[in-house]
Amino acid sequence: MENLEGRLTKLALKGDQRAFAELVELYKDKIFHLGYRMLNNRHEAEDIVQETFLRVYRNLDRYDDNQKFSTWIYRIATNLCIDRLRKRRPTYSLDAELGDQEGTDGYSLIPSDNVTPESELILSETQRTIYEAIDELPVKYRSVMILRYLQDLSLQEISEVLNMPVTTIKTRVHRGREFLRKKLGPRL
């Protein structure tokens with residue numbers, strides 16, 4: 001995979017649009033999943049995917065082929081997500097009733113994702129509970145936990161993506177787990 005990515009980046013640097021399109025194809029779903037898990041918003045995750053590949057395209061000449069391409073692109077996407085989270089306005093509860101419409105809450109304003117019974121069955125209640133708990137983590141722990149457990153990156157790869165020492169990553173993973181253990185203990 002790394003060899004393929006290396007060849008594709010070199011070809012893309014020379015202006016080969018098909019090579020860049022293959023890089024997009026390799027990573028678009030992974031970047032979307034990362035963005036969706038960090039931001040909890042399908043539209044923002046789609047924006048993150050576009051912004052990530054735009055930055056990759058503009059900065060391909062700055063890519064150091066001594067490091068893994070996946071680490072570089074995850075770092076870009078993660079930083080974009082963190083920037084969005086910092087800029088967000090205060091969030092409002094979807095459970096709160098809307099003042100001007102009796103009996104209507106924020107959930108009624110969310111467009112349907114066309115959830116099928118099959119997809120609903122696949123997404124178990126336990127997964128939902130865990131995802132909700134991850135979403136409640138502070139950003140510095142959430143990004144590490146998502147990269148570690150949902151993106152299956154090693155501690156070293158997370159260290160490179162977030163540009164932090166491995167010891168800091170270990171500490172954040174430990175604290176994130178402790179937070180989840182306390183949060184999920186009564187629920188699971």
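With respect to Asn41, determine if the residue is at pLDDT 60 or above, within 21 Å of the chain's Cα centre (by Cα) and of a type in the set (S, T, N, Q).
Judged against the criteria, Asn41 is a match.
Return yes when Gln151 is outside the structural domain of Gly35 (by the TED database) and open to solvent by 60 Å² or more (accessible area, probe 1.4 Å) and no when it is not.
Details: outside the structural domain of Gly35 (by the TED database): yes; open to solvent by 60 Å² or more (accessible area, probe 1.4 Å): no.
For Gln151, the condition - outside the structural domain of Gly35 (by the TED database) and open to solvent by 60 Å² or more (accessible area, probe 1.4 Å) - is not met.
Is it the case that Thr52 is of a type in the set (Val, Ile, Thr) and over 21 Å from the mean Cα position of the chain (by Cα)?
no
Which of the residues belonging to region 51-77 are surrounded by fewer than 14 Cβ atoms within 10 Å (Cβ to Cβ) and part of a helix (DSSP H, G or I)?
Those that are surrounded by fewer than 14 Cβ atoms within 10 Å (Cβ to Cβ) and part of a helix (DSSP H, G or I): Leu54, Tyr57, Arg58, Asn59, Asp61, Arg62.
So which residues in region 50-64 are acidic (Asp, Glu) and in contact with a helix residue (DSSP H, G or I) (Cβ under 6 Å, 6 or more places away or on another chain)?
If the condition is that a residue be acidic (Asp, Glu) and in contact with a helix residue (DSSP H, G or I) (Cβ under 6 Å, 6 or more places away or on another chain), then Glu51 is the only one that fits.
Give the residue, chosen from Thr104, Thr91, that is closer than 26 Å to Gln127 by Cβ, at pLDDT below 90 and among the polar types (S, T, N, Q). Walk me through it before giving the result.
Working: Thr104 fails: closer than 26 Å to Gln127 by Cβ.
Testing whether each residue is closer than 26 Å to Gln127 by Cβ, at pLDDT below 90 and among the polar types (S, T, N, Q) leaves just Thr91.
Does region 9-25 hold any residues that are surrounded by 15 or more Cβ atoms within 10 Å (Cβ to Cβ) and either touching a residue at least 24 places away in the same chain (Cβ under 8 Å) or of a type in the set (S, T, N, Q) (or both), and which are they?
Thr9, Ala12, Phe20, Leu23, Val24 - these are the residues of region 9-25 that are surrounded by 15 or more Cβ atoms within 10 Å (Cβ to Cβ) and either touching a residue at least 24 places away in the same chain (Cβ under 8 Å) or of a type in the set (S, T, N, Q) (or both).
The values are calculated or read from the model by the stated rules, or taken from the named source; none is laboratory data. This is a predicted model, so every value here is computed, not measured. Quick reminder, even Gly has a Cβ in these numbers, built from the backbone with ideal geometry, and neighbours come from all protein chains shown. Areas reflect the complete protein model, heavy atoms only, side chains present, ligands, DNA and RNA absent. Shrake-Rupley method; radii C 1.70, N 1.55, O 1.52, S 1.80 Å.
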